[in-house]
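Read the structure below first, then the notes.
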Amino acid sequence: MELRPSGGLLLKLVVTSISLFIISQLPFIGVEIDSLGKVVTSALVFGILNALVGPLLWLLKLGPKATDFLIAGPIIFVLNVIIFALAAAIVPGLNFRIKSLILFWVQFC
């Protein structure tokens, strides 16, 4: 069975929607989504932003493999946080508290 490109996009949308819903249910992460409709809208916006910034992330991964983790890894993480914050700014029902996320990651790093 072969997936068509549109089926692959639909599958990515569903998986991203489920992931965002699960993340929104964890209170210590700092992500709040008002309704299930906003979850799907957020996933769609998040996917579009990832598609626009994806080539930049790919360029960062071209460096030597020993420096990927030390240099490109944190940069990619920060870019993903920025993408998530942009999605939160675009979708009215998606709230993103970056302070909660930073405090959460600092505890475990």
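The values are calculated or read from the model by the stated rules, or taken from the named source; none is laboratory data. For clarity, every value in this text was computed on a predicted model and none was experimentally measured. Cβ sites come from the backbone with ideal geometry, for glycine too, and all protein chains shown count toward neighbours.
What's the number of the condition Ala89 fails, among (1) loosely packed, with under 14 Cβ neighbours inside 10 Å; (2) at pLDDT below 80; (3) in a helix (DSSP H, G or I)?
(2)
Can you give me the number of residues within segment 64-81 that are exposed (fewer than 13 other Cβ atoms within 10 Å of the Cβ) and either under 10 Å from the mean Cα position of the chain (by Cα) or at pLDDT 80 or above (or both)?
Total meeting the criteria: 1.
Can you say whether Ala51 is at pLDDT below 75 and of a type in the set (A, V, I, L, M, F, W, C), as far as the supplied structure shows? Step through it out loud before you land on a result.
Working: at pLDDT below 75: no; of a type in the set (A, V, I, L, M, F, W, C): yes.
Judged against the criteria, Ala51 is not a match.
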